[in-house]
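Asker: What follows is a structure written as structure tokens; I'll ask about it next.
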Amino acid sequence: MDLMFHGVVILTMLSFCIASSPNSVYFVRMYVSNAVGDNIVVHVSGKNGEDDQGNQTIYSDEEFDWKFGVKLGTYYKGEFWWGSKYASVGLFNSHISCFDGDIFRVQRCYWLVNPDGFWYNKHNATFPGEWERRATW
Ligand SMILES: *[C@@H]1O[C@H](CO)[C@@H](O)[C@H](O)[C@H]1NC(C)=O
Ligand SMILES: *[C@@H]1O[C@H](CO)[C@@H](O)[C@H](O)[C@H]1NC(C)=O
């Protein structure tokens, strides 16, 4: 009886996943906030150039966000330009965890770009707190 109930729950969850998206296990909305005190340009793209977001200017104190489905091997990089400075940063990969355990909710992830580098947090918390620097300019 109990086993059957679990079977039904799992089947229901599976069909929900398959119906909502054929490949993605869950969805993430990634925010990139610009705190360098100047406009920057970011070019976000996925694995093999898929889901290319094009060049986006992020004005000072503004943010850029995009949403994507996550499956095994999902990867996004961001190329950043700040004046004469350039950096290429892995914005999403298997080392970046935004997952809170609820596949039915869009997960949120935050990057903060400041003159010291590229900081990451699962929550849009007060800086520096638990923000982790993952790259520099
Ligand atoms: C994106 O912006 C950078 C910096 O301004 C520039 O060097 C690059 O050529 C641009 N790429 C495209 C595809 O417009
Ligand atoms: C993060 O929090 C700050 C301060 O409350 C707010 O100004 C900003 O818009 C938030 N950013 C995002 C991406 O939600």
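Asker: Residues to consider are SER84, SER88; find the one that is out of contact with any strand residue (DSSP E or B) (no Cβ under 6 Å at 6 or more places or on another chain) and farther than 12 Å from ASN34 by Cα.
Answerer: Matching residue, one of SER84, SER88: SER84.
Asker: Answer yes if at least one residue in segment 57-66 is surrounded by 11 or more Cβ atoms within 10 Å (Cβ to Cβ) and away from ligand 2 (no atom under 16 Å from the Cβ), and no otherwise.
Answerer: Yes, some residue in segment 57-66 is surrounded by 11 or more Cβ atoms within 10 Å (Cβ to Cβ) and away from ligand 2 (no atom under 16 Å from the Cβ).
Asker: Sticking with this one: Out of the residues in segment 33-52 that are more than 16 Å from ligand 2 (Cβ to nearest atom) and among the polar types (S, T, N, Q), which is farthest from the chain's Cα centre (by Cα)?
Answerer: ASN39
Asker: Go through (1) free of Cβ contacts under 8 Å to residues at least 60 places away in the same chain; (2) within 16 Å of ligand 2 (Cβ to nearest atom); (3) not β-branched (Val, Ile, Thr) and name the single condition LEU112 misses.
Answerer: Failed condition: (1).
Asker: Are any residues in segment 29-51 part of a loop (DSSP other than H, G, I, E, B) and not aliphatic (A, V, I, L, M), and if so, which ones? Reasoning before the result, please.
Answerer: Kept after step one, since they are part of a loop (DSSP other than H, G, I, E, B), are these residues of segment 29-51: 35-39, 50-51.
Correct list: GLY37, ASP38, ASN39, GLU50, ASP51.
Asker: Give the residue that is farthest from VAL25 (Cα to Cα), with candidates limited to residues of segment 79-127 that are hydroxyl-bearing (Ser, Thr, Tyr) and surrounded by fewer than 13 Cβ atoms within 10 Å (Cβ to Cβ).
Answerer: Initial filter on segment 79-127 (hydroxyl-bearing (Ser, Thr, Tyr)): 84, 86, 88, 94, 97, 110, 120, 126.
Now restrict to residues that are surrounded by fewer than 13 Cβ atoms within 10 Å (Cβ to Cβ): 84, 86, 88, 94, 97, 126.
Values: SER84: 39, TYR86: 33, SER88: 27, SER94: 14, SER97: 14, THR126: 30 Å.
The qualifying residue farthest from VAL25 (Cα to Cα) is SER84.
Asker: Could you go through segment 72-82 and let me know if any residue there is of a type in the set (Asp, Glu), within 11 Å of ligand 1 (Cβ to nearest atom), assigned to a strand (DSSP E or B) and over 22 Å from ALA125 (Cα atoms).
Answerer: Looking through segment 72-82, at least one residue is of a type in the set (Asp, Glu), within 11 Å of ligand 1 (Cβ to nearest atom), assigned to a strand (DSSP E or B) and over 22 Å from ALA125 (Cα atoms).
Asker: Mind listing just one residue for me: the one in segment 41-56 that is within 15 Å of ligand 1 (Cβ to nearest atom) and loosely packed, with under 12 Cβ neighbours inside 10 Å and, of those, farthest from VAL25 (Cα to Cα)?
Answerer: By that ranking, first place goes to ASN55.
Asker: Yes or no: VAL113 within 16 Å of ligand 1 (Cβ to nearest atom) and not in a strand (DSSP E or B)?
Answerer: no
Quick note: the coordinates plus some simple rules give every number you see, no bench work behind them. Only a predicted model underlies this, so the values are computations on that prediction, with no experimental measurement involved. Cβ atoms come from the backbone with ideal geometry, glycine included; neighbour counts cover every protein chain shown.
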